[in-house]
Structure formats: C-alpha cells, structure tokens
Amino acid sequence: DVKVTQSSRYLVKRTGEKVFLECVQDMDHENMFWYRQDPGLGLRLIYFSYDVKMKEKGDIPEGYSVSREKKERFSLILESASTNQTSMYLCASRSGIWQPQHFGDGTRLSIL
Amino acid sequence: KNEVEQSPQNLTAQEGEFITINCSYSVGISALHWLQQHPGGGIVSLFMLSSGKKKHGRLIATINIQEKHSSLHITASHPRDSAVYICFNNNNDMRFGAGTRLTVKP
C-alpha cells in the first residue's frame, strides 16, 4: 500500500532554531510537495520537487528551504524558526501530473 | 488568477441525507482532486478527475470542464462521513479550496 511517512507527528521548537522536517515515500514517486495548513487559510504550497536534486518555489517559500538528495526523501528546513511558522505541515507525493497525490499524516509544529 | 472556491463552508446534515459540495475554479486544469481530512489531520485522496464522473461506494464526483465546476456528492450520509472535504487544482501551481466542514448527525 502507498505510504508517505513524516518523521514527527508533533514537534516543539524555539525561535531561532534550525528545524528539519523529514518526509519519506515508498512508492518511487517523482514528485514531492510540502504544504502548510492554517485555520482560515487552507493548504498552501511551500516547495515542490519534480525529481532528485530539483526544487521549485511554491506560494510561500520565504523562511524555508528544501533538500532532495534521494528520490524517496524530501526535507523541509526552517532556517531560523519564527513563531509565525507555527502550523501543520503536510508532505505529499505523486508519480505524475495525471496521478493523485498521497499525503502524510502531517507534523504539527509549534515554535515558542 | 488561479482561484478555487468551495461552497458551502460548513454543512450539517442528518444521517441518511444526500450531500452536495461544490467547487469552482477559474483557470483550466489538468485534473481536479477531492480530498477528505478527518480530525487529527490525516488527508485521504478521494477522487482525481479531469472529465465526466467517478463513483466510489457512496461517493460520486462530477466535473464540467466548460463551466469549470465540480461537485462531490455523498449518498445516504453517515456520521463517519463527518470530515473536511477539500478540492484542489492539480496544475503545477496547486490551488486549494478553503474546505467544507461536514457534520452528519445520527
């Protein structure tokens, strides 16, 4: 069965820390995505990757970076965490534009 | 501007009722997704469609490309259908509707 695994379900960090959110998929999918979800704003695309070592900015990339060194793993990095990055973060993957996205369970990140 | 709008925002129904959730989008799409999100955050992909109609159990999704409109129907609704339903445009710029919170009362 399809599986997208996010490393943490809940995470608490302090402002200024460098934070890593990890996402692993076991479906050999080409495309991977990072979203954040906030009440009243819905899901918004932060970054996506069409293939290994490739990355594209989404709607809200400021304050974030990503890494995709291996096909199965897509990491989201908060370079210097701030309180406005407190949110639910969701990772997804798909095999191509005509295929559905599969989502991880999400990481609820709190920045104190 | 690529916008996706859903209606209604909130919907309360009695068990057994027929449910319709609507989704309109402003630009052409490659495919439209319907997602289901239960409390706690997990998201399940229900349908992806680019034309016509798809059915899975009690759920039916339709799309009208010319009118840029899709609907999600739930027949014989059940309390376990209570969730947030989200449509999104699977183009490369990914636009999501704000979601419809459905509550089905026994």
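Just so it is clear, none of the values below were taken in a lab; they were calculated from the coordinates. Note that the structure is a prediction, hence the values are computed from the model and not measured. All Cβ positions, glycine included, derive from the backbone under ideal geometry; neighbour counts span all protein chains shown.
Of A:Ala81, A:Ser49, A:Met32, which is farthest along the charge dipole of chain A in the positive direction, counting Lys and Arg as +1 and Asp and Glu as -1 at C-beta?
A:Ala81
What is the order of B:His73, B:His38, B:His33, A:His29, fewest Cβ neighbours within 10 Å to most?
B:His38, B:His73, A:His29, B:His33
Taking every residue in A:36-45, how many Cβ atoms of other protein chains lie within 10 Å of its Cβ, on average?
Working: counts 0, 6, 0, 0, 1, 2, 10, 11, 3, 6.
Averaged over the peptide's residues, the number is 4.
Run the count for the protein assembly as shown, please: Lys pairs, Cα-Cα under 15 angstrom, 8 or more apart or on different chains.
7
Using the crude model of +1 on Lys and Arg Cβ and -1 on Asp and Glu Cβ, and no other charge, please compute the dipole size for chain B relative to its Cα centre, in debye to 20.
Using only the charged Cβ atoms, the result is roughly 180 debye.
Report the relative contact order of chain B, percent, no decimals, based on alpha-carbon pairs under 8 angstrom and at least 6 residues apart.
Worked out over chain B, it gives 37 percent.
Hey, fewest Cβ within 10 Å first, where do B:Lys54, B:Lys105 land in order? Write down the numbers at each step before the final one.
Working: B:Lys54 15, B:Lys105 11.
Ordered from fewest to most neighbouring Cβ atoms within 10 Å, B:Lys54, B:Lys105 come out as B:Lys105, B:Lys54.
Work out the length of the dipole vector of chain A about its Cα centre, built from +1 on the beta-carbon of each Lys and Arg and -1 on the beta-carbon of each Asp and Glu, and round it to the nearest 20 debye.
240
Determine the distance separating the Cα centre of segment B:73-101 from the Cα centre of segment A:33-112; give it in Å without decimals.
Using only Cα atoms to place each centre, the spacing works out to 20 Å.
Take chain A, connect every pair of alpha-carbon atoms lying under 10 Å apart with a spring to form a Gaussian network, then pick out the residue of A:Gly42, A:Gly58, A:Gly96 with the largest mean-square fluctuation.
Fluctuation is largest for A:Gly42.
Nothing charged except the Cβ atoms of Lys and Arg (+1) and of Asp and Glu (-1): what's the magnitude of the dipole of the protein assembly as shown about its Cα centre? Round to the nearest 20 debye.
So the dipole magnitude of the protein assembly as shown works out to roughly 160 debye.
Count, for each residue of B:29-41, the Cβ atoms from other chains sitting within 10 Å of its Cβ, then give me the mean as a whole number.
Going residue by residue through B:29-41 and averaging, the value is 3.
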